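Inspection log for the structure reproduced underneath, given as structure tokens.
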Amino acid sequence: MAGYVTPELSPQVTAPSNVGAPSKVVSYADLNLFHPEGIKALNSRIMNAVSSVCPHADIRDLRAFGAERQCRKAAIVDAKAQIQAQTGLRAAR
């Protein structure tokens, strides 16, 4: 199950298409995304949100560990796509 991280630019944000998947709103309205520190702060917020929506798995449980990695990757890709769609900017990393 993939988690979703939803960046918040305005009070209205489109819900992810996978209804029922865990999600977390990440606000970046206070950040200057034209400055490296703003991008760094946004990436940190995204990673914190990803950690909170994707289940943590024991590396000895390969199936669960694989599901965690897949969730994390999908959440990061989704968040960065939303940021690019809303701002026209690409998040670093």
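Between residue 23 and 4, the built amide H atoms are under 5 Å apart, and every one of these is 5 or more places off in sequence or on another chain.
Ranked by the mean number of other Cβ atoms within 10 Å per residue, highest first, peptides 50-61, 71-82 order as 71-82, 50-61.
Just so you know, all these numbers are worked out from the coordinates, no wet-lab data involved. Remember, it's a predicted structure, so these values are computed and weren't measured experimentally. In this analysis, Cβ positions are derived from the backbone assuming ideal geometry, glycine residues included, and neighbour counts consider all displayed protein chains.
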